[in-house]
Every structure is written in C-alpha cells, then in structure tokens.
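Structure record follows, encoded as structure tokens.
The values are calculated or read from the model by the stated rules, or taken from the named source; none is laboratory data. Note that this is a predicted model, so its numbers are computed, not measured. Neighbour counts are summed over all protein chains in view; Cβ atoms, including those assigned to glycine, are modelled from backbone coordinates with ideal geometry.
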Amino acid sequence: MSDKPQRQVFGEELVALGAANEKLVVLDADVSSSTQTKLFGAAYPDRFFNVGIAEANMASVAAGLAASGYVPVISTFALFMSLKAGDQIRAQIAYPRLHVIMAGGYAGLSDFADGASHQSVEDLAVMRAIPGITVVAPCDATETKLAIRAAIATDGPVFLRLSRESVPELFKEQSHPFELGKGVVVEEGEDVTLVATGTMLSVALVARNELARSGVSARVVDMHTVKPLDADLVEKAARQTGAIVTIEEHTIHGGLGSAVCEAVCERFPVPVVRVGIPDRFGESGAYAQILARAGLDALSVAGAARRACEMKSGSTARRGGA
C-alpha cells in the first residue's frame with residue numbers, strides 16, 4: 001500500500017464496510033468532497049445524508065438513527081465536530097451511550113491552507129472530557145482501516161481523529177496488532193520512551209533514529225487510543241525507561257500529554273515532557289513549516305527527549321542524596 005491521505009482511506013473503507021452491513025449509514029456536513037464520504041454516497045445513495053452546514057443537527061439525526069438500530073458515521077472537520085456539534089454529542093449521543101462513530105477530519109494543523117479558523121488544536125481535549133467517548137487517532141492508512149472497523153464493532157460513541165494529508169505507511173494490516181485501548185510498542189529502548197498518537201508516530205520514529213546517533217536509546221509507543229488510555233503500558237514504560245516524551249498534533253493541554261501525565265502521577269512518577277502545539281492557535285502556511293514552528297518535527301522531539309533524560313538524571317541524583 002502506498003502512502004495515502006487518511007481521508008481517502010476512510011472513504012474507501014466505508015464503502016467496503018457498507019457492502020457487508022446494511023445498517024451502516026453515513027452523514028456529512030457538506031464537506032463530503034474533502035472528507036471523502038462522497039465515495040460512500042456514490043456507492044449507497046440511500047444510506048448517505050448530506051445535512052448541509054449544520055453539524056449540530058447532524059449529531060442529532062445520528063442519535064435518532066442509532067436509537068433506531070442503525071450504525072451511523074458522522075463526518076466533518078474535527079474542529080466543527082468537537083465544537084459546533086459538541087452540545088448535541090454530549091447530550092444526545094454520549095449521555096445515552098449511543099453507538100455513533102464521529103469522524104473528525106482535517107485534524108490538527110493538517111488543514112494548513114485554511115489557517116486557525118479550520119485547524120483543530122483542541123478536539124482531543126474536548127472529546128476526552130465527555131464521559132463515555134472512546135477517542136482514537138490512527139497513525140497511518142493501515143491503522144485508519146483497523147480503527148474504523150474496530151469503532152463499528154464496538155459499543156458506544158467513538159471519536160475518530162483523521163488527518164488531511166498523506167502519511168507514511170508504517171504497518172501492514174496482516175501483522176499489526178490493533179485493539180482499542182491498547183497501545184503498541186513499535187521499537188524498544190532503555191533511556192526514554194516516546195509516546196505518540198496519530199500521525200506524529202512517524203515523527204517519533206525519525207526522532208528515535210536521531211537520538212540513536214548520539215547514544216540515546218528511545219522506546220517508541222503507538223498510543224492510538226487516547227481514551228481509554230493504556231495506563232498499564234505507560235506505567236511499564238515509566239518503570240523501565242524512567243522518562244517519557246509525549247508527541248501529539250494537538251495543544252499540550254488536555255490531550256495525550258495530559259492523559260499520560262495523569263497516569264504517571266498516579267502510578268509511577270517520572271519526568272514527562274509534552275511535545276505538542278503551544279498554547280496558541282494554528283496558522284496558514286506550508287504544512288511541514290507550520291509543524292516545525294509548532295515544535296512538531298523530529299529534531300524538536302529529539303531535543304525534548306534529551307531534556308527528559310537530563311530531568312531523569314537530576315531526579316535520580318536528588319533521590320539518592322535524600
């Protein structure tokens with residue numbers, strides 16, 4: 001499989017799943033050409049509903065469909081899913097624990113051309129805070145397909161975070177273990193653990209190679225499910241490597257970094273350095289450039305890992321002298 005945008009994989013996989021599940025329906029808020037749900041609409045026009053620029057109504061309609069025995073997938077940009085439809089998602093989908101898959105596309109800074117008005121820096125925090133919602137950010141095309149299948153097969157509401165851009169193929173479907181709520185150790189390491197979610201996993205792997213050149217052994221964890229977090233895997237990493245770096249294309253407040261810090265504080269306190277978007281909005285520009293300006297490039301991640309290792313050494317020295 002060549003590198004593909006997650007949105008294209010999402011659209012194609014919906015078509016494949018629709019053939020086997022007549023209860024699968026798809027709703028889109030007038031961005032189906034962007035999110036690629038238009039592919040499902042072309043294949044199954046009787047099960048596709050473009051509700052227009054009315055994200056809140058889309059969530060309400062999906063709740064009714066789910067309560068009637070259908071399996072609705074609702075799709076729009078991640079920013080609009082989490083904020084424009086937030087009230088309806090909370091009250092009508094999450095509260096009654098209805099099985100609705102909420103696909104938030106163009107997540108993070110990946111809608112690079114449209115700038116801050118369309119870039120989603122807070123969706124993980126919003127969805128993670130609503131009770132009962134499973135929050136998933138797949139890293140590549142393979143994991144996107146597996147995540148959609150798992151979301152449809154599970155119970156309750158699921159938020160699926162997708163990028164606009166093509167992402168490197170990291171895994172093969174036949175050999176990649178994927179289970180909601182279970183992180184995956186992609187590479188072993190002893191000095192520090194890089195915990196990444198979504199498309200930032202590829203950045204973490206490049207950073208690992210950069211660290212290896214300076215003698216730092218970094219473990220890499222694919223934390224595709226932000227909620228429920230695999231706290232057991234986080235604790236194991238904390239105990240075995242003594243320092244953690246989290247990497248997410250999302251604000252450092254309330255997302256993966258916050259979830260990992262909570263788990264570490266409760267179970268086995270070690271230094272944690274959060275790599276993510278600073279406390280600011282996005283900006284227009286070339287995608288790679290705005291990622292780098294936000295500190296979401298491999299060199300920045302490697303620098304964060306070195307700081308985490310230094311913090312670990314200082315913490316060990318203080319404990320030893322106490």
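Can you pull out the residues in the range 93-114 that are in a loop (DSSP other than H, G, I, E, B) and either under 22 Å from GLY11 (Cα atoms) or in contact (Cβ under 8 Å) with a residue 60 or more places away in the chain (or both)?
ARG97, HIS99, VAL100, TYR106, LEU109, SER110, ASP111, PHE112, ALA113, ASP114 - these are the residues of the range 93-114 that are in a loop (DSSP other than H, G, I, E, B) and either under 22 Å from GLY11 (Cα atoms) or in contact (Cβ under 8 Å) with a residue 60 or more places away in the chain (or both).
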task = Give just the number: which of (1) closer than 25 Å to ALA116 by Cα; (2) touching a strand residue (DSSP E or B) at 6+ places or on another chain (Cβ under 9 Å) does ILE244 not satisfy?
result = (1)
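Tell me the residue from LEU201, LEU170 that is part of a loop (DSSP other than H, G, I, E, B), hydrophobic (A, V, I, L, M, F, W, C) and in contact with a Cys (Cβ under 8 Å, 6 or more places away or on another chain), please.
Going through LEU201, LEU170 in turn, the sole match is LEU170.
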ask   = In the list PHE281, PHE268, which residue meets the criterion of being of a type in the set (Phe, Trp, Tyr), farther than 29 Å from ASP114 by Cα and at pLDDT 95 or above?
value = PHE268
request  = Quickly run through the range 79-92 and pick out the residues that are surrounded by fewer than 24 Cβ atoms within 10 Å (Cβ to Cβ) and farther than 18 Å from PHE10 by Cβ.
outcome  = LEU83, LYS84, GLY86, ASP87, GLN88, ARG90, ALA91, GLN92
request  = Kindly indicate whether any position in the range 267-289 is out of contact with any Lys or Arg (no Cβ under 6 Å at 6 or more places or on another chain), assigned to a helix (DSSP H, G or I), buried (at least 18 other Cβ atoms within 10 Å of the Cβ) and of a type outside the set (Lys, Arg).
outcome  = no
query = In the range 299-322, which residue that is over 19 Å from GLU190 (Cα atoms) and at pLDDT 95 or above is surrounded by the fewest Cβ atoms within 10 Å (Cβ to Cβ)?
reply = LEU299
ask   = For the range 172-187, what are the residues that are surrounded by 12 or more Cβ atoms within 10 Å (Cβ to Cβ) and more than 22 Å from THR154 (Cβ to Cβ)?
value = VAL185, VAL186, GLU187
remark   = Exactly one of THR193, THR154, THR144 is within 25 Å of LEU83 (Cβ to Cβ) and crowded, with 24+ Cβ neighbours inside 10 Å, and that one is THR144
ask   = closer than 20 Å to LEU14 by Cα, buried (at least 20 other Cβ atoms within 10 Å of the Cβ) and touching a residue at least 40 places away in the same chain (Cβ under 8 Å) - does that describe any residue in the range 44-57?
value = no
key: Flag for ALA66 being buried (at least 17 other Cβ atoms within 10 Å of the Cβ) and either modelled with pLDDT of 95 or more or in the same structural domain as MET127 (by TED's automatic domain parsing) (or both)   = yes
task = Go through (1) aliphatic (A, V, I, L, M); (2) in contact with a helix residue (DSSP H, G or I) (Cβ under 7 Å, 6 or more places away or on another chain); (3) not in a loop (DSSP other than H, G, I, E, B) one by one and return the number of the condition ALA150 breaks.
result = (2)
key: VAL220 in a strand (DSSP E or B) and in contact with an Asp or Glu (Cβ under 7 Å, 6 or more places away or on another chain)   = yes
request  = Starting from residues that are in contact with a Lys or Arg (Cβ under 7 Å, 6 or more places away or on another chain) and under 25 Å from GLU12 (Cβ atoms), keep the ones in the range 69-78 and report whichever is surrounded by the most Cβ atoms within 10 Å (Cβ to Cβ).
outcome  = ALA78
query = When the range 28-42 is examined, which residues are found to be surrounded by fewer than 16 Cβ atoms within 10 Å (Cβ to Cβ) and either in a helix (DSSP H, G or I) or of a type in the set (Phe, Trp, Tyr) (or both)?
reply = SER33, ALA42
request  = Can you tell me which residue within the range 1-27, out of those that are over 23 Å from SER175 (Cβ atoms) and in contact with a Gly (Cβ under 8 Å, 6 or more places away or on another chain), is surrounded by the most Cβ atoms within 10 Å (Cβ to Cβ)?
outcome  = VAL26
ask   = Which of the residues belonging to the range 223-261 are in a helix (DSSP H, G or I) and either in contact (Cβ under 8 Å) with a residue 60 or more places away in the chain or buried (at least 24 other Cβ atoms within 10 Å of the Cβ) (or both)?
value = VAL234, ALA237, LEU256, GLY257, SER258, ALA259, VAL260
inquiry  = For the range 1-32, give me each residue that is among the small types (Gly, Ala, Ser) and more than 22 Å from the chain's Cα centre (by Cα).
reply    = ALA16, GLY18, ALA19, ALA20
